[in-house]
1. Run the numbers for Phe105 and Leu26: contour at 0.36 nm per residue of separation, minus the present Cα-Cα distance, in nm.
2. Give the long-range amide H neighbours of Leu60: residues separated by 5 or more places, or on another chain, with amide H under 5 Å away, using H modelled in the peptide plane at 1.01 Å from N.
3. Just subtract the alpha-carbon distance of Thr120 and His96 from 0.36 nm times their residue separation and send over the number in nm, one decimal.
4. Efficiency by 1/(1 + (r/R0)^6): what FRET value for Val48 and Ala83, r their Cβ-Cβ distance, R0 = 41 Å, to the nearest 0.05?
Amino acid sequence: MVARISSQSGPGRVVPLPMLGSLVSLLADQVAANPDGFELRLMATNDVFPNMVIAVRKQLAYLFHFPADGHAGYQSLGEPAAANLRFTFPMASVLHVAGSQVVSFDHAVVAALEFLTNPTVPPASLAWVERH
């Protein structure tokens with residue numbers, strides 16, 4: 001697996017993930033280095049699909065799971081009481097997310113680890129809604 005990281009400071013770099021522990025370290029390092037947010041795309045080394053995108057801002061996250069080319073994907077469902085969030089990424093990309101789709105950073109880490117072990121289905125640790 002590899003991870004592609006994008007933040008406000010740059011359009012992205014690719015990082016190999018040889019072990020599950022390296023993903024946890026990578027995510028923790030990115031939160032510290034990019035307090036205004038970052039985007040992480042997890043994917044198989046030689047394949048674009050399946051992949052999972054994690055948008056992180058401070059201790060909150062929003063996730064997409066794309067199982068195959070041409071599939072609109074799944075988006076995370078979170079706590080209904082969460083506040084709406086705005087994620088800003090390189091190239092002036094802005095993502096407005098309803099609070100009901102926001103999960104804690106800790107839950108996003110668990111989902112990312114699940115994705116690494118079985119990338120073909122959305123991680124079971126979160127609720128998901130299929131996009132059309």
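Rule-based calculations on the coordinates, nothing more; no lab input. None of these values were measured; they are calculated from a predicted model. Note: ideal-geometry Cβ built from the backbone for every residue, glycine included; neighbour counts use all protein chains shown.
1. Gain on stretching Phe105 to Leu26: 27.1 nm.
2. Phe105
3. 6.0 nm
4. My answer for the efficiency is 0.80.
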